[in-house]
Structure formats: C-alpha cells, structure tokens
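Working notes, beginning with the structure itself.
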Amino acid sequence: MNDESQKRKTTTEEPAASGEKDGLKEDVPPAAPPAPAGRTERRFRESSLPSHFIERRKHPRIQTEPPPPPAPPRMEDYAPIIGVPELDEIRFLARHLQGKTVKMVNSTAVGGGVAEILNRLIPLLNELEVGTKWEVITGGNDFYEVTKGFHNALHGGDFTLTPQIRDIFLSYNEQNRQRMQFVEDLFVIHDPQPAGLVQAKVETRGRWIWRCHIDLSNPNPAVWEFLKPMVEKYDATIFSSPAFTRQLGVPQYLFYPSIDPLSEKNKDLEDSFVDKVCDDFGIDRSRPILTQISRFDRLKDPVGVIEAYKLVKKYVDCQLVLAGGGATDDPEGAAVLAEVMEAAGDDPDVIILNLPPWSALEINALQRASTIIIQKSLKEGFGLTVTEGLWKKKPVVAGAVGGIPSQIIHKLTGVLVHSVEGCAYQIRYLLTHPEFARQLGENGHAHAKENFLITVNLKRWLILFQILLGLAGPAI
Ligand code: UDP
C-alpha cells in the first residue's frame with residue numbers, strides 16, 4: 001500500500017480536527033470477515049434511522065439492465081450552456097478547416113476514457129464539417145499484454161523490456177500500418193499502443209499528432225527510452241497536465257481532459273429524479289451527504305475517506321456515500337470493497353454502492369444530492385470525478401495529486417488535502433460554513449466551464465489543426 005496511506009500523517013498547513021488525539025485506531029471497528037463482492041449484506045447497529053432507510057441500505061435498488069443510449073448532442077444544444085458567442089467562435093474556427101480531413105486512432109472502441117471522449121468529440125467535428133474518421137488498431141492477446149505492461153511501466157511500475165516484447169509491439173504496429181490507409185490531412189494517434197503508426201509519416205502529406213492521455217512524469221526508463229524516438233517523430237504532442245509531460249524534442253501542447261455537460265453523467269436533472277435515486281439507495285436528503293465516486297481501488301483511498309468521515313461524525317451529523325464499480329469483475333476491486341465494508345463496520349450511515357457500468361444517471365444524481373464531493377486519492381490521473389463535482393457547483397475536497405491541483409485552486413475552487421485529518425478538518429469546516437461552501441461550488445463551476453468542457457477541448461483541437469496546417473496566420 002502507498003506510503004501516504006500507511007503513515008496517515010497530519011500536515012502542518014491542515015490543523016487536525018479538535019479531539020483528533022482520540023486516535024484513528026480507536027475509531028476502527030473490530031475486523032469483520034471479508035465478504036464476497038456485490039452480495040454482501042452488512043449488519044447495521046441499532047440506530048434511530050427510519051427502518052425504510054435501513055432496508056434500502058441493505059438492499060439498494062440498483063439498475064440491472066443498461067438503459068438505451070441517448071441521442072448524441074448537436075452543436076446548437078450547447079448554446080444554452082456556453083452562450084451563442086462562444087458557439088459562433090467555434091464555428092468560425094471550424095470554417096477555416098472545412099474540407100480538411102482527420103484520422104484519429106486509438107486501441108479500443110468501447111470502455112475507457114479515451115473511447116468515451118472520441119465518441120463525443122468526433123460527431124461534433126463532423127457536424128462542423130471537419131471530416132473526422134475514427135479507427136481502432138487490432139492485435140492479439142500478446143499485443144494487449146505488452147501494451148498493458150507498458151501502461152503500468154509508464155506509470156512507474158517495474159518492467160523487463162525484452163527483445164521479444166519490443167518485437168511484439170513493433171510487429172502489431174507494423175501490421176496495422178499496412179492495413180490502414182493514411183490519406184488524411186491530420187493524424188491523431190492516442191496513447192502509446194498505436195504510437196508506432198508514425199512510421200507511415202514519410203509516405204503521407206499529413207501532419208502527425210500524438211495525444212498522450214497518461215501521466216508520463218515517472219516512467220520506467222527502459223520503456224520510455226524505447227517509445228521516445230517514436231514520439232519524437234510526431235509534429236506535435238499533447239499532454240493532459242503540465243505535470244504529466246517529459247522533455248521532448250518536439251512541440252508539446254496542453255489539453256485538459258474534458259466532460260460533456262450534456263452527457264447522462266453531467267446533464268441537468270429533475271430534482272424528483274434525484275429524490276428517486278436517493279430513495280432507491282436509502283440516502284436521507286434531509287441530512288448532509290458526503291460522497292466519493294470511485295472505482296474500488298486503494299489509490300482512491302476509500303478507507304481513508306471512511307476514517308475522515310468518522311472523525312467528522314464525532315462533531316457534525318452526516319452520511320457517507322461510497323459509490324464505485326469494477327468490484328465484480330476485478331479481483332483487486334473485490335478485495336478493496338471487502339476492506340471498505342470492514343472499515344465501515346456496522347455504521348448505518350456509511351452507504352456503500354457497487355454500481356454497474358451503466359450508472360451514469362445514478363452517479364449524476366448522487367453527485368447532485370451531495371453536500372460535499374470527496375476525492376481523497378493518493379495517486380490520480382486527471383480526476384474526472386473532481387471535474388464532475390465542480391461542474392455541479394459542489395464544494396470538492398480532494399487529494400493534491402495528479403491533475404487535481406489543476407482543477408482545485410485551494411480555497412478558491414475547492415479544497416486540497418494531504419491526510420485523513422486534513423480531509424476531516426476541511427469537511428467539518430465546510431459543513432459548518434455553508435456560505436463558504438456555496439461560494440467554492442460557484443467558483444468551481446466557473447473554473448470547469450472555462451477550462452474543462454468538451455466545447456473548450458473542441459476549440460483547442462480546431463486551433464491546433466489550424467496551426468499545424470499553417471492556416472493560423474498572423475492577426476490583421
Ligand atoms: N465512474 C463510473 N462508475 C463508477 C466509478 C467511476 O462511471 O463506479 C466514472 C466517474 O464518474 C468518472 C470516471 O468514471 O467519470 C472516473 O474517472 P477518474 O478520472 O475520476 O478516475 P479513473 O477511474 O480514471 O482513475
């Protein structure tokens with residue numbers, strides 16, 4: 001486990017909540033035997049909570065079937081959100097690119113953040129008449145094992161790069177290069193898996209962009225040295241945060257990840273729907289609700305969140321919702337869920353939800369019902385749950401890791417924390433200073449609107465395409 005979670009140290013800038021010398025150990029309930037994921041029934045201690053809440057908390061009503069996919073939004077649907085002038089600006093930028101063609105390539109059509117982004121971005125580019133095609137590379141299990149190993153190694157994991165592994169990576173990239181045609185004006189290659197397609201550059205008249213969605217700040221040196229010469233063949237590279245980049249001999253651009261304000265996860269909801277979701281899960285909307293939405297992963301520190309909640313609960317009434325997914329098909333997720341259940345013990349106000357992947361509307365409703373959104377990660381990518389919380393005008397309390405400090409300007413658009421005690425202190429402060437909490441939420445929303453919406457991302461693509469095609473002339 002991460003050092004930080006083991007030490008649980010109090011930082012000097014975050015005073016501990018009073019009474020904290022009670023000690024965390026005393027707060028942890030006696031260990032219960034771990035139970036299988038998804039089917040566990042937790043025992044709750046006697047409480048004054050009405051029985052229907054207890055019943056729902058034991059048996060939350062979770063959607064078992066995926067809902068039909070909604071129609072993709074069109075540009076004009078964004079006008080009420082970003083305003084007509086901003087929309088006009090996007091259309092103006094696109095006009096100079098009309099007739100140009102783009103190919104985007106990644107390694108999967110479904111699942112994962114990149115596919116999700118491309119699913120929204122590509123229809124919008126096409127609507128703007130910037131003809132954009134999406135292609136997915138193919139490979140055998142050996143290729144995906146190698147690229148998964150690379151992914152972990154690029155995040156700093158151990159990895160032995162053998163000649164055979166290099167061959168597998170290069171030969172699948174070469175097969176894909178031969179299968180594909182490269183006739184467009186611009187090629188955008190996402191992440192390391194298809195990075196080798198750049199070998200085709202010499203045969204094309206287009207410009208090549210490598211869009212890196214992962215954090216390269218601390219890569220395994222052997223894997224990075226292998227990939228770097230490929231990356232340096234591109235005309236431009238894009239990273240998601242200044243903290244994620246490496247020294248390169250080619251230009252680097254900063255594109256923050258983005259959320260779609262019209263997606264099921266982020267669109268406005270009727271309050272009656274939020275009520276229904278809370279009712280389905282046994283959440284009491286008349287009392288403060290703290291929520292962390294995250295895969296059940298130790299790096300998201302769900303147990304640390306429970307410890308912080310317990311410190312807060314000594315002084316201020318609240319409920320804690322920990323909602324996540326991935327614990328059914330991932331053995332590690334199941335183990336973490338069991339640890340979370342154990343840490344929650346018999347406290348009826350800790351509501352743990354193992355949600356299926358089609359829960360976007362429910363997650364949206366949970367975020368909207370929350371008094372405070374928590375994302376107490378110990379390591380993080382960009383932290384889209386933070387963006388989602390900011391967009392919903394919620395005060396967000398989050399670990400100062402990965403891309404989170406780009407989103408949270410401490411005490412202006414949210415609060416950054418470094419420890420369980422700091423997290424508890426800030427939650428308690430926000431619960432007892434609702435006007436400050438409201439102001440943080442407003443500021444956070446403005447920050448997200450300015451920087452992290454898909455429309456902002458679209459604008460950046462259009463500008464970069466113009467720069468690379470030499471269309472962005474000096475202002476007159
Ligand atoms: N999410 C989800 N279901 C879950 C947990 C998370 O749909 O059970 C979503 C969450 O709303 C966010 C994304 O998955 O949009 C997680 O992105 P983030 O960058 O926060 O973390 P990651 O899981 O990529 O490390």
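Mind listing whichever residues of segment 56-75 are in contact with a helix residue (DSSP H, G or I) (Cβ under 7 Å, 6 or more places away or on another chain) and part of a helix (DSSP H, G or I)?
Answer for segment 56-75, where residues must be in contact with a helix residue (DSSP H, G or I) (Cβ under 7 Å, 6 or more places away or on another chain) and part of a helix (DSSP H, G or I): Arg56, Met75.
At least 2 residues that are of a type outside the set (Gly, Ala, Ser) and away from the ligand (no atom under 13 Å from the Cβ) in each: list the strands (runs of 3 or more DSSP E) lying fully within segment 295-408 that qualify. Let's see the steps before the verdict.
Working: elements: 319-324, 350-354, 372-375, 396-399.
So the answer is 319-324, 350-354.
Specify the residue that is nearest to the ligand (Cβ to nearest atom); the eligible residues are those in segment 84-116 that are within 30 Å of Pro357 (Cα to Cα) and touching a helix residue (DSSP H, G or I) at 6+ places or on another chain (Cβ under 8 Å). Walk me through it before giving the result.
Quick first cut of segment 84-116, residues within 30 Å of Pro357 (Cα to Cα) only: 103-116.
Remaining after also requiring touching a helix residue (DSSP H, G or I) at 6+ places or on another chain (Cβ under 8 Å): 104-109, 113.
Values: Met104: 20, Val105: 21, Asn106: 15, Ser107: 16, Thr108: 14, Ala109: 18, Gly113: 6 Å.
Within segment 84-116, the match that is nearest to the ligand (Cβ to nearest atom) is Gly113.
Yes or no, residue by residue, for (1) touching a strand residue (DSSP E or B) at 6+ places or on another chain (Cβ under 8 Å); (2) over 15 Å from Thr291 (Cβ atoms):
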{"residue": "Gly383", "(1), (2)": "yes, no"}
{"residue": "Ala398", "(1), (2)": "yes, no"}
{"residue": "Val401", "(1), (2)": "no, yes"}
{"residue": "Ile404", "(1), (2)": "yes, yes"}
{"residue": "His410", "(1), (2)": "yes, yes"}
{"residue": "Leu416", "(1), (2)": "yes, yes"}
{"residue": "Cys423", "(1), (2)": "yes, no"}
{"residue": "Leu430", "(1), (2)": "yes, no"}
{"residue": "Glu435", "(1), (2)": "no, yes"}
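Somewhere in segment 365-374, is a residue open to solvent by 20 Å² or more (accessible area, probe 1.4 Å) and of a type in the set (A, V, I, L, M)? Full working, then the answer.
The initial filter retains those residues of segment 365-374 that are open to solvent by 20 Å² or more (accessible area, probe 1.4 Å), namely 368, 371.
Within this subset, residues satisfying the condition of being of a type in the set (A, V, I, L, M) are none.
No: segment 365-374 contains no residue that is open to solvent by 20 Å² or more (accessible area, probe 1.4 Å) and of a type in the set (A, V, I, L, M).
What tally of residues in segment 205-215 results from selecting those that are closer than 15 Å to Phe382 by Cα and surrounded by fewer than 21 Cβ atoms within 10 Å (Cβ to Cβ)? Outline the logic, then answer.
Here is the first cut: in segment 205-215, the residues closer than 15 Å to Phe382 by Cα are 211-215.
Okay, now just the ones that are also surrounded by fewer than 21 Cβ atoms within 10 Å (Cβ to Cβ), so 213-214.
Of the residues in segment 205-215, 2 are closer than 15 Å to Phe382 by Cα and surrounded by fewer than 21 Cβ atoms within 10 Å (Cβ to Cβ).
Name the residues in segment 230-277 that are part of a helix (DSSP H, G or I), within 16 Å of the ligand (Cβ to nearest atom) and without any contact (Cβ under 8 Å) to a residue 60 or more places away in the chain, would you?
If the condition is that a residue be part of a helix (DSSP H, G or I), within 16 Å of the ligand (Cβ to nearest atom) and without any contact (Cβ under 8 Å) to a residue 60 or more places away in the chain, then no residue fits.
If you check Val386, Val401, Val397, Val420, which single one turns out to be without any contact (Cβ under 8 Å) to a residue 60 or more places away in the chain, more than 19 Å from Asn457 (Cα to Cα) and open to solvent by less than 20 Å² (accessible area, probe 1.4 Å)? Walk me through it before giving the result.
Working: Val386 fails: more than 19 Å from Asn457 (Cα to Cα); Val401 fails: open to solvent by less than 20 Å² (accessible area, probe 1.4 Å); Val420 fails: without any contact (Cβ under 8 Å) to a residue 60 or more places away in the chain.
None of the others qualify; the one that does is Val397.
Could you list, in sequence order, all residues of segment 107-140 that are open to solvent by less than 10 Å² (accessible area, probe 1.4 Å) and within 15 Å of His190 (Cα to Cα)?
Across segment 107-140, the qualifying residues are Ala115, Leu118, Leu121, Ile137.
Checking Lys267 against (1) over 18 Å from the mean Cα position of the chain (by Cα); (2) farther than 29 Å from Val183 by Cβ, which single condition isn't satisfied?
(1)
Quick grid of which residues meet (1) open to solvent by 50 Å² or more (accessible area, probe 1.4 Å); (2) within 30 Å of Ala437 (Cα to Cα):
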| site | (1), (2) |
| --- | --- |
| Pro229 | yes, no |
| Ile259 | no, yes |
| Leu269 | no, yes |
| Leu320 | no, yes |
| Ala335 | no, no |
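May I ask you to say which residue of Glu184, Glu174, Glu129, Glu135 is over 22 Å from Gly381 (Cα atoms) and in a strand (DSSP E or B)? It would help to see each step written out before you state the result.
Numbers: Glu184 fails: in a strand (DSSP E or B); Glu174 fails: in a strand (DSSP E or B); Glu129 fails: in a strand (DSSP E or B).
Just a single option satisfies the conditions, and that option is Glu135.
If a residue has to be at pLDDT 95 or above, β-branched (Val, Ile, Thr) and within 23 Å of the chain's Cα centre (by Cα) to count, how many in segment 210-249 make the cut?
Of the residues in that region, 2 qualify.
The values are calculated or read from the model by the stated rules, or taken from the named source; none is laboratory data. Since the structure is predicted, the reported quantities are computational estimates derived from the model, not experimental observations. Cβ coordinates were reconstructed from backbone atoms using ideal geometry, including for glycine residues, and neighbour counts include every protein chain displayed. Ligands, DNA and RNA are excluded from the accessible area calculation, which covers all protein heavy atoms including side chains. Shrake-Rupley method; radii C 1.70, N 1.55, O 1.52, S 1.80 Å.
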